[in-house]
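Peer 1: The structure is given below, and queries will be raised subsequently.
The values are calculated or read from the model by the stated rules, or taken from the named source; none is laboratory data. This structure is a prediction, so every number in the text was calculated from the model and none was measured. Reconstructed Cβ throughout: ideal geometry from the backbone, glycine too, with neighbour counts over all protein chains shown. All accessible areas refer to the heavy atoms of the entire protein, side chains included, with ligands and DNA or RNA removed. Shrake-Rupley method; radii C 1.70, N 1.55, O 1.52, S 1.80 Å.
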Amino acid sequence: CSHCHGADGYSPLRERDLRRLKLRYDDKWTDVAATTIRDGRVDKGMPTWKDILKDQEMKEVMAFLGTIQK
């Protein structure tokens with residue numbers, strides 16, 4: 001993730017700054033993040049991870065994202 005989203009989710013590009021998910025999507029941020037991680041946004045360079053991340057790994061990614069929200 002850090003290749004595009006920076007260390008600890010910080011990116012100078014606002015649209016890639018993972019700390020801003022809650023600010024951007026309110027209470028729906030977890031749904032948006034999970035869908036984006038699972039299905040990707042191939043047209044924007046975000047690969048799909050559904051065949052790579054196991055359920056537990058996905059839970060860990062989501063838990064981490066929860067800890068960095070502003």
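Peer 1: Which condition breaks for Ile52 when tested against (1) at positive phi; (2) open to solvent by 70 Å² or more (accessible area, probe 1.4 Å)?
Peer 2: Result: Ile52 fails condition (1) only.
Peer 1: So which pairs qualify, if the first residue must be in region 53-70 and among the β-branched types (Val, Ile, Thr), the second must be open to solvent by less than 40 Å² (accessible area, probe 1.4 Å), the Cβ gap must be under 8 Å, and the two must be at least 6 apart or on different chains?
Peer 2: Correct list of pairs: Val61/Ile37; Ile68/Gly9; Ile68/Leu18.
Peer 1: Kindly check whether there is at least one residue in region 15-36 that is farther than 13 Å from His5 by Cα, out of contact with any helix residue (DSSP H, G or I) (no Cβ under 6 Å at 6 or more places or on another chain), in contact (Cβ under 8 Å) with a residue 12 or more places away in the chain and of a type in the set (Lys, Arg).
Peer 2: No - not one qualifying residue is present in region 15-36.
Peer 1: Check His3 against each of (1) touching a Leu at 6+ places or on another chain (Cβ under 8 Å); (2) part of a helix (DSSP H, G or I); (3) open to solvent by 100 Å² or more (accessible area, probe 1.4 Å) and name the one condition it does not meet.
Peer 2: For His3, the exception is condition (1).
Peer 1: Does Leu18 qualify as being open to solvent by 40 Å² or more (accessible area, probe 1.4 Å), at pLDDT 95 or above and either on the phi < 0 side of the Ramachandran plot or over 11 Å from the mean Cα position of the chain (by Cα) (or both)?
Peer 2: no
Peer 1: Please go through region 21-41 and pick out each residue that is closer than 16 Å to Ile52 by Cβ and open to solvent by 80 Å² or more (accessible area, probe 1.4 Å).
Peer 2: Across region 21-41, the qualifying residues are Arg38, Arg41.
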